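Structure first, commentary second.
The values are calculated or read from the model by the stated rules, or taken from the named source; none is laboratory data. Bear in mind the structure is a predicted one, so any value in this text is a computation, not a measurement. Neighbour counts run over all protein chains shown; Cβ positions are idealised from the backbone, glycine included.
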Number of protein chains: 2
Amino acid sequence: MAEDFVVTPWEVSGEIDYGKLVKEFGLTPMDDLPKAFTDNLLFRRKKVFAHRDFSKILSAMKERKPFVMMTGLMPTGKFHIGHAVLARQMIFYQSLGAKLYVAVADIEAFHARGQSLEESRRIAVEEYLLNYIALGLKPERCEIYFQSDRSSDAKRAIAYYRLQNLLAKHATFNEFKAVYGAVSPGKMVAALLQAADMLHPQLPEFEGVVPVVVPVGTDQDPHLRLARDLASRTKSHHFTTLASTYHVFVPGLGGGKMSSSDEHSFIALTDTPKEMERKVKKYAFSGGRESVDEHRKHGGNPDVDVAFQYLTFFEEDDGKLAKIRHDYTSGKLLSGEMKAILIETLNAFLAEHQRKRELARHRLHEYLATPEEFAPHKRKR
Amino acid sequence: MAEDFVVTPWEVSGEIDYGKLVKEFGLTPMDDLPKAFTDNLLFRRKKVFAHRDFSKILSAMKERKPFVMMTGLMPTGKFHIGHAVLARQMIFYQSLGAKLYVAVADIEAFHARGQSLEESRRIAVEEYLLNYIALGLKPERCEIYFQSDRSSDAKRAIAYYRLQNLLAKHATFNEFKAVYGAVSPGKMVAALLQAADMLHPQLPEFEGVVPVVVPVGTDQDPHLRLARDLASRTKSHHFTTLASTYHVFVPGLGGGKMSSSDEHSFIALTDTPKEMERKVKKYAFSGGRESVDEHRKHGGNPDVDVAFQYLTFFEEDDGKLAKIRHDYTSGKLLSGEMKAILIETLNAFLAEHQRKRELARHRLHEYLATPEEFAPHKRKR
């Protein structure tokens with residue numbers, strides 16, 4: 001079934017064969033995880049399916065040594081359920097004792113999308129931070145920063161930008177092309193800053209040398225490889241090799257990639273129950289048969305049914321999920337009924353989430369590396 | 001006489017026709033200066049011979065408005081009398097009321113020369129800062145900083161590196177080639193940082209929009225043009241167009257460019273009187289005739305006589321200098337005697353300078369933007 005698919009930082013298309021990706025990218029399948037991980041549905045259900053050097057993280061946990069989870073966000077568009085899946089990983093790692101570093105890639109958005117820093121800041125707060133907090137992110141051991149405004153501590157800020165500048169020594173233009181397809185001075189500084197995002201937690205001004213894990217979709221692997229390569233060529237500081245994990249893409253409503261630039265493809269965490277219901281009914285690709293009779297006779301295909309796929313992310317109960325799958329495959333459960341189950345599940349989730357989201361607003365400053373810069377009326381730029 | 005000469009950031013050779021340079025580079029000759037300038041021998045004797053947009057500085061002075069003189073230093077090799085001439089301009093501008101910004105280009109030295117930040121810091125202090133202070137640089141309204149360590153104030157530091165990152169949007173790879181001949185990621189970030197060096201004094205975190213003058217040799221003009229162009233394309237901040245002045249090169253002892261990488265070409269400000277005397281006698285190109293008889297009959301050529309050229313920088317008294325020139329041209333003064341005059345002049349200068357230089361050591365912290373980072377025993381990196 002899976003024939004042609006493309007997974008690069010600038011294109012994700014086709015039906016993705018994750019087994020093939022693991023081989024092509026030289027990743028290691030995610031096996032033999034301790035119970036702390038398999039208790040989490042994303043790991044138990046292989047939503048996080050592969051890694052590089054993840055043993056560094058497992059060792060640190062075992063030895064009760066510090067480790068860091070680093071991730072970045074591109075502050076464009078709506079925060080959708082695809083983003084929520086990464087947010088859940090962040091919160092999960094925090095529960096395991098990781099320190100979190102979260103980069104708001106406003107310099108990258110400036111160069112790649114022509115978006116002003118002010119607009120990036122607004123979107124980062126409204127779409128990302130409020131949702132992170134509502135989803136359960138804790139302010140302790142969590143540092144959320146803007147690439148354009150790293151820290152209110154000068155030594156830390158300087159160490160970060162210094163690293164960006166020094167890393168340039170070890171890069172070639174061709175490597176940047178591998179990450180961005182085409183290269184421009186703007187994209188190049190953004191790529192260097194992104195490498196600094198992943199590596200700077202290990203500087204003495206931050207955590208010192210610690211294992212760092214970066215959870216990404218496979219389309220982001222070239223960024224990881226670039227950062228790993230630059231780190232390995234750096235002589236002035238010894239970096240522990242970056243660990244990374246790879247998660248499946250949450251499918252878009254139509255079955256492709258969920259994209260914040262196509263509003264028919266996503267369910268946003270700020271969608272009203274009505275909007276969500278309308279989108280699921282109208283756009284969610286169904287794995288059902290052409291007629292009720294056909295469906296009753298041959299059963300539906302849950303593996304391509306987007307509503308069922310979403311339930312694999314949002315229905316915690318394995319038994320319940322297995323029963324839904326069984327009933328769908330056997331033809332007992334119709335497509336409309338599958339969608340109704342999802343709508344009910346998401347309704348409960350969104351109602352609770354949106355209530356928490358409004359409560360989150362007054363706590364933003366607890367999370368930011370430059371809190372005094374947060375309040376819009378205090379900003380001069 | 002002047003036929004082939006090359007003046008680019010990576011090569012200066014041949015006998016330079018400054019008149020031709022003014023035309024080719026589109027500079028404006030330095031004329032009609034107020035008395036404050038012509039009191040200074042560098043301006044009076046047209047050592048500073050051309051400019052761009054210098055009227056912005058003259059207007060600011062006239063209206064008693066603030067202005068900035070910005071310069072940079074590449075911390076490699078010995079501080080020689082060529083550097084001293086630029087230092088004298090710095091000190092002169094300070095006396096006119098300018099605020100000074102002095103960038104130690106340690107990131108550039110890292111990328112262009114492979115020199116570590118630690119080595120750059122050592123050379124910057126030992127070779128540059130101590131000599132600046134001994135030459136009379138005042139700590140008031142003077143900020144000396146390392147590119148890798150901009151400020152102990154986080155907002156300022158961030159504003160500087162943010163500018164570097166944002167300026168990348170407005171540059172092309174070809175423009176970097178014009179500045180550096182060949183381009184690499186390292187040289188590119190260094191070029192962006194240099195543009196930020198010239199422009200950041202105008203940011204709200206620093207002086208706000210003020211006229212800034214950058215005194216350079218003509219070989220550095222491509223750097224200026226790049227910074228001017230990037231500034232003009234920046235929409236998020238309005239920069240006043242950079243002003244720049246162009247000074248002649250202090251000739252090397254052999255007549256070419258004085259270069260810290262060729263120790264037969266320069267007199268260092270740390271040379272002992274004996275070393276200086278030996279170098280002048282052995283290496284200083286003479287404008288004298290082949291024999292004493294010939295010299296007495298036809299006279300020497302002060303315009304190519306390096307000892308005389310140095311006197312035009314170090315002998316303050318115009319009358320005395322004119323007499324030396326006259327006596328040399330007429331044949332009354334021999335080449336050896338010309339050298340003896342220079343040696344006596346430099347001896348007095350170096351003796352006084354070196355005494356002051358040792359006194360300068362304990363005052364370094366008054367000058368640095370990150371003073372707490374200065375003392376080597378306090379540094380962790």
Answer with yes or no whether B:V189 is crowded, with 19+ Cβ neighbours inside 10 Å, out of contact with any Gly (no Cβ under 9 Å at 6 or more places or on another chain) and within 14 Å of another protein chain (Cβ to nearest Cβ). yes
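For segment A:209-227, which residues satisfy the criterion of being more than 20 Å from A:P66 (Cα to Cα) and touching a helix residue (DSSP H, G or I) at 6+ places or on another chain (Cβ under 9 Å)? Lay out the reasoning, then the answer.
Going residue by residue through segment A:209-227, those that are more than 20 Å from A:P66 (Cα to Cα) are A:216-227.
A:V216, A:G217, A:T218, A:D221, A:P222, A:H223, A:L224, A:R225, A:L226, A:A227, listed by residue number.
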If A:Q164 satisfies every condition in (1) over 20 Å from B:A154 (Cα atoms); (2) in a helix (DSSP H, G or I) but one, which is the exception? (1)
A:M198 vs. criteria assigned by TED's automatic domain parsing to the domain that holds A:K65 and farther than 29 Å from A:K62 by Cβ: no
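Look through segment A:108-129, keep the residues that are among the aliphatic types (A, V, I, L, M) and away from chain B (no Cβ under 12 Å), and return whichever of them is farthest from B:N165 (Cα to Cα).
Applying the first criterion (among the aliphatic types (A, V, I, L, M)) to segment A:108-129 yields A:109, A:112, A:117, A:123-125, A:129.
Still in the list and also away from chain B (no Cβ under 12 Å): A:123-125, A:129.
Working: A:I123: 20, A:A124: 19, A:V125: 22, A:L129: 24 Å.
It comes out as A:L129.
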Of the criteria (1) away from chain B (no Cβ under 14 Å); (2) without any contact (Cβ under 8 Å) to a residue 12 or more places away in the chain; (3) not in a helix (DSSP H, G or I), which one A:G208 fails: (1)
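Would you mention how many residues in segment A:243-277 are outside any loop (DSSP other than H, G, I, E, B) and β-branched (V, I, T)?
Quick first cut of segment A:243-277, residues outside any loop (DSSP other than H, G, I, E, B) only: A:243-247, A:251, A:257, A:268, A:273-277.
Imposing the further condition that a residue be β-branched (V, I, T) reduces the set to A:245.
Of the residues in that region, 1 qualify.
Would it be correct to say that A:V248 is surrounded by 22 or more Cβ atoms within 10 Å (Cβ to Cβ), in contact (Cβ under 8 Å) with a residue 24 or more places away in the chain and of a type in the set (A, V, I, L, M)?
On the way: surrounded by 22 or more Cβ atoms within 10 Å (Cβ to Cβ): no; in contact (Cβ under 8 Å) with a residue 24 or more places away in the chain: yes; of a type in the set (A, V, I, L, M): yes.
Judged against the criteria, A:V248 is not a match.
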Among the residues that make up segment A:260-276, is at least one of them touching a residue at least 24 places away in the same chain (Cβ under 8 Å), within 29 Å of A:T76 (Cα to Cα) and basic (K, R)? no
Mind checking which strands (runs of 3 or more DSSP E) fall wholly inside segment B:31-105 and carry at least 3 residues that are closer than 25 Å to B:A190 by Cβ and out of contact with any Cys (no Cβ under 9 Å at 6 or more places or on another chain)? B:68-73
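For the condition over 21 Å from B:S148 (Cβ atoms), within 14 Å of chain A (Cβ to nearest Cβ) and assigned to a helix (DSSP H, G or I), what is the one hit in B:D229, B:D219, B:D197?
On the way: B:D219 fails: within 14 Å of chain A (Cβ to nearest Cβ); B:D197 fails: over 21 Å from B:S148 (Cβ atoms).
It is B:D229.
Residues B:Q147, B:Q94, B:Q115: which one is surrounded by fewer than 23 Cβ atoms within 10 Å (Cβ to Cβ) and in contact with a helix residue (DSSP H, G or I) (Cβ under 6 Å, 6 or more places away or on another chain)? Can you show your working first?
Numbers: B:Q147 fails: surrounded by fewer than 23 Cβ atoms within 10 Å (Cβ to Cβ); B:Q94 fails: in contact with a helix residue (DSSP H, G or I) (Cβ under 6 Å, 6 or more places away or on another chain).
It is B:Q115.
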Taking segment A:133-156 and keeping only residues that are under 20 Å from A:E118 (Cα atoms) and at the interface with chain B (Cβ under 7 Å from one of its Cβ atoms), one is left with A:S148, A:D149, A:R150, A:S151, A:S152
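Which members of segment A:157-183 meet the condition of being more than 8 Å from every other protein chain (Cβ to nearest Cβ) and either surrounded by 22 or more Cβ atoms within 10 Å (Cβ to Cβ) or in contact (Cβ under 8 Å) with a residue 40 or more places away in the chain (or both)?
Within segment A:157-183, the first condition is being more than 8 Å from every other protein chain (Cβ to nearest Cβ), and the residues that meet it are A:159-160, A:163, A:167, A:170, A:174-175, A:177-183.
Passing the criteria: A:A159, A:Y160, A:L163, A:L167, A:H170, A:E175, A:A178, A:V179, A:Y180, A:G181.
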